[in-house]
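Reading through the structure tokens given below for one structure.
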Amino acid sequence: MFYREAGDFKISYNQDNQTFPIRFDRYRYYAVMVFAFAVVPFIINDYWANAIMLPFLIYAIAAIGLNILTGYCGQVSLGTGGFMAVGAYACYKLMTAFPDVSMFIHVLLAGGITALVGVLFGLPSLRIKGFYLAVATLAAQFFLVWLFNRVPWFYNYSASGQINAPERDVFGIIITGPNAPAWATYLFCLVFLAFCALMARNLTRGTIGRKWMAIRDMDIAAEIIGVNPMKAKMTAFAVSSFFVGIAGALFFAVYLGAVEVGEVFNIQKSFLVLFMVIIGGLGSIFGSFAGAAFLVLLPVVLKVVGADMLGWPTDIVAHLQLVIVGALIILFLIMEPHGLAQLWRVAKEKLRLWPFPH
């Protein structure tokens, strides 16, 4: 009843297989896109950009990348922070070596370099899986952070060991550095998020995505029916690392502007992105958005309610955030393994029948 499906007929296979088969869903999607691209840039300010919008957009890209690897292909990874560092340092080297090249090219090339590194560290997945693969990717996390700390070439022999994003513009509009306007940085990240989400959605619905899910569900049976496990796992690592590298490049160049790898891209960053995927929902593009939005908004809401309104000490509010996240992970893993995305699907099914009980 809520969706008004009466008269919403499909006259071809393409219409039946589209991402949003219900007309109401398509209109809602178009409305959200128009609002995001045409309305938000005119009302956003520095606080909303730096506290909410930029972290959400960048973490959503990283969550989509990890969800492809873990949710769709079933390969556990704890090295997301290290791969984000690869994207950040690759973008920094490209920005300083080729200052006249567009930032769009720099970010995409940083994602491509991260994809190559991801394939290299994904080779152990051909022989090991589960807990042992998680340990191998965890080793990649520590190795990459150590490498960027110990080799001065990566940070251009800076005395502090810190990398700083030089000021760059796109079509004459500054998007990096302290003088970049909030709406420009927001739109720049939004373009990449829309590109990554569309690419991920098409890949997961196609032949490559079906191979990933076959490997995830039962790799031996998938190999028997003709799926090449090496090709499927390596493509999953490559695509996942490509998205994570883009997120790392944007996190450094557009959001922070200055990075010290041991503090920004440590193991906590890997766990944060993993928690986004678990809470949002494994094997769901929408779940990546939901998990990123939840974990970005949670500290802001707790600060406003706990510290500002109720007057709680800031350390209590910070510890409360960890308690809430830990409790939610346990609840979702036990009661609803598919996370917020499954709750949203159930709610939509209820709305399709409302106000009738069945």
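The values are calculated or read from the model by the stated rules, or taken from the named source; none is laboratory data. Everything quoted here is computed from the prediction, not taken from an experiment. FYI the Cβ positions are ideal-geometry reconstructions off the backbone, even for glycines, and counts take in every protein chain you see. Just so you know, the surface numbers come from the protein's heavy atoms only, side chains and all, with ligands and any DNA or RNA stripped out. Shrake-Rupley method; radii C 1.70, N 1.55, O 1.52, S 1.80 Å.
Taken over the stretch 252-262, the residue count meeting the criterion of being open to solvent by 10 Å² or more (accessible area, probe 1.4 Å), under 28 Å from residue 187 (Cβ atoms) and of a type outside the set (Val, Ile, Thr) is 5. In the set 160, 125, only one residue is among the polar types (S, T, N, Q), modelled with pLDDT under 90 and not in a helix (DSSP H, G or I); that residue is 160.
Which of the residues that make up the stretch 16-33 are within 22 Å of the chain's Cα centre (by Cα), at pLDDT below 85 and exposed (fewer than 12 other Cβ atoms within 10 Å of the Cβ)? Once the filter is applied, which keeps residues that are within 22 Å of the chain's Cα centre (by Cα), at pLDDT below 85 and exposed (fewer than 12 other Cβ atoms within 10 Å of the Cβ), the stretch 16-33 yields nothing. Of all residue pairs spaced 6 or more apart or on separate chains, those with beta-carbon atoms under 6 Å, a first member in the stretch 323-350 that is closer than 18 Å to residue 64 by Cα and touching a residue at least 60 places away in the same chain (Cβ under 8 Å) and a second member that is of a type in the set (D, E, K, R) and not in a helix (DSSP H, G or I) are 342/336.
How about the stretch 251-297: which of its residues are under 22 Å from residue 144 (Cβ atoms) and of a type in the set (Gly, Ala, Ser)? Answer for the stretch 251-297, where residues must be under 22 Å from residue 144 (Cβ atoms) and of a type in the set (Gly, Ala, Ser): 253, 257, 258, 262, 270. With respect to the conditions (1) in contact with a Gly (Cβ under 6 Å, 6 or more places away or on another chain); (2) open to solvent by 20 Å² or more (accessible area, probe 1.4 Å), residue 13 falls short on a single one, namely (1). None of 88, 49, 36 is outside any loop (DSSP other than H, G, I, E, B), open to solvent by 10 Å² or more (accessible area, probe 1.4 Å) and aliphatic (A, V, I, L, M) except 36. Taking helices (runs of 4 or more DSSP H) as the structural unit, no element lying wholly within the stretch 165-247 holds at least 2 residues that are polar (S, T, N, Q), touching a Cys at 6+ places or on another chain (Cβ under 6 Å) and open to solvent by 40 Å² or more (accessible area, probe 1.4 Å).
For the residues 107, 151, the requirement of being farther than 26 Å from residue 207 by Cα and touching a helix residue (DSSP H, G or I) at 6+ places or on another chain (Cβ under 8 Å) singles out 107. In summary, residue 119 fulfils each of the numbered conditions (1) out of contact with any Phe, Trp or Tyr (no Cβ under 6 Å at 6 or more places or on another chain); (2) surrounded by fewer than 24 Cβ atoms within 10 Å (Cβ to Cβ) with the single exception of condition (1). In the stretch 176-192, of all residues being under 13 Å from residue 46 (Cα atoms) and of a type in the set (S, T, N, Q), the one that is modelled with the lowest pLDDT corresponds to 179.
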